[in-house]
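Right, one structure below, let's go through it.
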Amino acid sequence: MGQLVASQAREAGYEVGAVITSKNSNATELTQQLSGHEVAIDFSAGSGVLQHVEACARAGVPLVEGTTGWQEQEAEVRRVVLKHDGALVFGANFSVGVNLFYRIVANASSLFAAVEGYDPFIEEAHHKRKRDAPSGTAIHLRELMKRELGRVEVPVSSTRAGQIPGTHKIGFDSAVDQVTLTHTARSRAGFAAGALVAAHWIIGRQGVFEFSEVMDEILRR
């Protein structure tokens with residue numbers, strides 16, 4: 001993902017000032033390397049997100065956080081950003097198509113909430129190197145569906161195999177039929193493109209935002 005983001009950024013005419021890897025683990029060093037840049041984009045591992053957020057906040061650099069698997073630290077992440085008057089935009093998935101899919105799923109769930117006999121479910125599949133399961137996207141879909149359906153549980157099944165970029169299917173099953181909606185990513189390029197949209201949007205802002213807020217503004221234009 002980091003290579004894709006850097007490649008697309010250069011193609012779009014942006015200058016890539018620094019590429020930071022897992023070798024750059026010292027918080028002070030991270031802050032120094034980030035200082036002076038307009039924006040940073042992070043696709044790494046959930047365990048490093050809090051440190052990356054703090055380094056960006058201390059350096060005064062807005063951050064686009066594309067990593068998943070850190071949601072249990074969200075309260076602390078928000079505290080750090082606000083303490084330093086920083087800026088952060090995060091999301092379970094930076095694909096524009098997926099974010100439109102969220103809205104379709106929410107609308108579908110509100111329709112099925114009005115009828116009896118349909119059980120909701122989510123199935124997701126990703127490449128074998130993806131560490132978190134279920135995916136952040138699946139977790140977000142589950143919360144959307146629970147909110148609209150008013151039900152406690154929406155079961156999620158996960159597959160990790162091969163080179164699958166990402167597939168999410170939601171469904172409603174009854175004794176007489178099944179209705180499904182599916183988003184299939186053909187590559188990871190869509191995630192990088194969405195992250196660059198968010199990077200352009202977050203410059204000059206302060207606070208913590210979800211990518212859905214970026215999409216809201218795009219859809220209002």
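Summarising the label geometry, the points placed 7 Å from Cα in the beta-carbon direction at R79 and H127 lie 3.5 nm from one another.
Pairs K128/K169; K83/K146; K130/K169: which are spaced more than 26 Å apart, C-alpha to C-alpha? Numbers along the way, then the final one.
Details: K128/K169 18 Å; K83/K146 33 Å; K130/K169 18 Å.
The pairs that break the limit, which is 26 Å between Cα atoms, are K83/K146.
Taking amide H as placed 1.01 Å from N in the peptide plane, G166 has its amide H under 5 Å from the amide H of A185, each at least 5 places away in sequence or on another chain.
Taking the Cβ of M215 as the centre, find all other residues whose Cβ is under 14 Å away and add up their charges (Lys, Arg: +1; Asp, Glu: -1). Spelling it out: positives minus negatives among the neighbours equals -1. Taking amide H positions as modeled 1.01 Å from N, with prolines and chain starts lacking one, no residue 5 or more places away or on another chain lies under 5 Å from R151.
Counting only protein heavy atoms and using a 1.4 Å probe, the accessible area of D216 comes to about 60 Å². Taking 7 Å steps out from each Cα toward its Cβ at V19 and D216 produces label points 3.6 nm apart. Rounded to the nearest 10 Å², what accessible area does M1 show when all protein chains are kept and the probe is 1.4 Å? For M1, the solvent-accessible surface is approximately 50 Å².
Counting pairs of alpha carbon atoms under 8 Å apart in space and at least six apart in sequence, what relative contact order in percent does the range 156-221 give? Walk me through the numbers before you get to the answer.
Numbers: 32 pairs, mean separation 13.8, N = 66.
With pairs under 8 Å counted, the relative contact order is 21 percent.
Working from Cα pairs under 8 Å separated by at least six residues, relative contact order for the chain is 24 percent.
In a fully extended conformation the segment linking A189 and E72 would gain 39.4 nm over its present Cα-Cα distance, using 0.36 nm per residue. Pick from I139, I104, I122: which is most flexible by mean-square fluctuation in a GNM of the chain where alpha carbon atoms under 10 Å apart are linked? Largest GNM mean-square fluctuation: I104.
So what is the accessible area of the chain per residue, in Å², with the probe set to 1.4 Å?
On the way: 11690 Å² over 221 residues.
I get 53 Å² per residue for this part.
A crude spin-label estimate for the pair H37 and A114, with each label 7 Å from Cα along the Cβ direction, gives 4.9 nm.
A Förster distance of 30 Å, applied to the separation of the beta-carbon atoms of D173 and L100, puts the FRET efficiency at 0.80. Computed 3J(HN,Hα) for the range 79-93, one whole-Hz value per residue from the Karplus formula 6.51 cos²θ - 1.76 cosθ + 1.60 where θ = phi - 60°, is 4, 5, 4, 5, 4, 9, 6, x, 9, 9, 10, 9, x, 5, 7, glycine and proline marked x.
In order along the range 66-75, the phi-based Karplus estimate (6.51 cos²θ - 1.76 cosθ + 1.60, θ = phi - 60°) of 3J(HN,Hα) comes to x, 6, 10, x, 10, 4, 5, 9, 4, 4 Hz; Gly and Pro are listed as x.
How many percent of the accessible area of the range 172-221 is carbon or sulfur, using a 1.4 Å probe?
Values: 1430 of 2880 Å².
Of the solvent-accessible surface of the range 172-221, carbon and sulfur hold 50 percent.
Close amide-amide hydrogen proximity is noted between G207 and G86, A87, L88, each under 5 Å apart and 5 or more residues distant or on a separate chain (H modeled in the peptide plane; Pro and chain starts excluded). At the residue level, E153 shows approximately 130 square angstrom of accessible surface with a 1.4 angstrom probe and all protein chains present. The chymotrypsin sites (Phe, Trp or Tyr not before Pro) found in the range 1-107 include none that occupy coil by DSSP while having at most 11 further C-beta atoms within 10 Å.
The values are calculated or read from the model by the stated rules, or taken from the named source; none is laboratory data. Nothing here was measured: the structure is a model prediction, and the numbers come from that model. We place every Cβ from the backbone using ideal geometry, glycine too, and count neighbours over all the protein chains shown. Heads up: the accessible areas ignore ligands, DNA and RNA and are worked out on the full protein's heavy atoms, side chains in. Shrake-Rupley method; radii C 1.70, N 1.55, O 1.52, S 1.80 Å.
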